[in-house]
1. Enter the angle in degrees (range 0 to 90, nearest 10) between the Cα long axis of helix 26-35 and the first principal axis of the Cα atoms of the chain, meaning the one along which they spread out most.
2. For the chain, modelled as a GNM with alpha-carbon contacts under 10 angstrom, which of Gly187, Gly132, Gly21 fluctuates the most?
3. If I take R0 = 30 Å and measure r between the Cβ atoms of Ala52 and Ala111 in this structure, what FRET efficiency does the formula 1/(1 + (r/R0)^6) give, to the nearest 0.05?
4. Could you tell me what % of all Cα pairs in region 67-197 have separations over 22 Å?
5. So if R0 is 25 Å, what FRET efficiency would Ile142 and Arg167 give, r being the distance between their Cβ atoms, rounded to the nearest 0.05?
6. Which FRET efficiency value, to the nearest 0.05, is calculated for Ala214 and Ala92 with the Förster distance at 41 angstrom and r the Cβ-Cβ distance?
7. What's the ranking of 78-91, 116-129 by average number of surrounding C-beta atoms within 10 Å, highest first?
8. Using a Gaussian network for the chain with springs between C-alpha atoms less than 10 Å apart, which of these wobbles most: Pro26, Pro203, Pro146?
Amino acid sequence: IVELATGATVGAELLVRGPAGAVHLPADLFRLALEEGALGALDFASLRTCLAVGRRLPRGITRHVNLHPSTLLAADEAATADLVALFADAVAEAPVCVELSEQHLASEPAAIRRQVAALREAGLTVALEDVGFGRTSLEGLILLEPEVVKVDRALVQGLARDPAKVRALRRLVSMAEALPSTLVAEGVEDEDDLAILVDLGVPRAQGFALGRPAARLPA
């Protein structure tokens with residue numbers, strides 16, 4: 001995740017992969033876990049792995065990790081306490097941001113406000129990602145008050161050739177400033193799109209145009 005004004009790397013999103021084969025990609029891996037009723041268990045295991053690997057990153061970089069809203073929704077007080085404990089050591093070492101997908105906010109965002117508040121009290125920041133993908137964006141932005149708003153790649157890719165996307169993104173920039181939240185454009189793969197993001201005042205971005213993801217971090 002790069003600060004566009006300076007070119008500095010300010011964050012890194014840590015993602016898991018399944019074993020080689022049909023569930024290698026995260027979407028397939030987590031879909032299978034959902035079908036098998038093991039989504040929460042996989043979420044916890046993924047968080048442990050990502051937080052452990054994230055310790056190898058430079059100290060000033062924020063570690064971004066993903067958490068399914070359904071895991072938070074199912075978390076009673078004990079499970080929420082387990083989540084907070086899981087993050088405790090990592091937060092003491094470096095900033096951590098938990099990303100919640102707007103795409104997966106199947107229930108009302110208000111239903112997870114208690115759990116989100118507990119994460120904030122533990123020192124984490126919260127990102128709402130995939131914003132612009134579905135219809136719950138506005139409600140999620142208002143109720144969850146994310147410190148970071150990540151624009152879905154569908155609104156970013158082809159930006160330089162689509163005036164409608166430019167208008168939509170300009171509105172998101174204004175909304176993020178009003179919240180206030182830091183806006184991050186996801187999936188930036190084209191230099192022309194990147195130039196439009198800079199012109200619109202989008203402060204941060206991530207994607208192949210800024211750097212390829214590493215298969216793994218060095219030990």
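1. Approximately 40 degrees, to the nearest 10.
2. Gly21
3. 0.50
4. Summing the P(r) tail past 22 Å for region 67-197 gives 39 percent.
5. 0.70
6. Once rounded, the FRET efficiency stands at 0.95.
7. The densest-packed peptide leads the list: 116-129, 78-91.
8. Looking only at Pro26, Pro203, Pro146, the biggest GNM fluctuation is shown by Pro26.
The values are calculated or read from the model by the stated rules, or taken from the named source; none is laboratory data. Everything numeric in this text was worked out from a predicted model, so none of it was measured. Backbone-built Cβ (ideal geometry, glycine too); neighbour counts: all protein chains shown. Note: accessible area is taken over every heavy atom of the protein model, side chains too, but ligands, DNA and RNA are not part of it. Shrake-Rupley method; radii C 1.70, N 1.55, O 1.52, S 1.80 Å.
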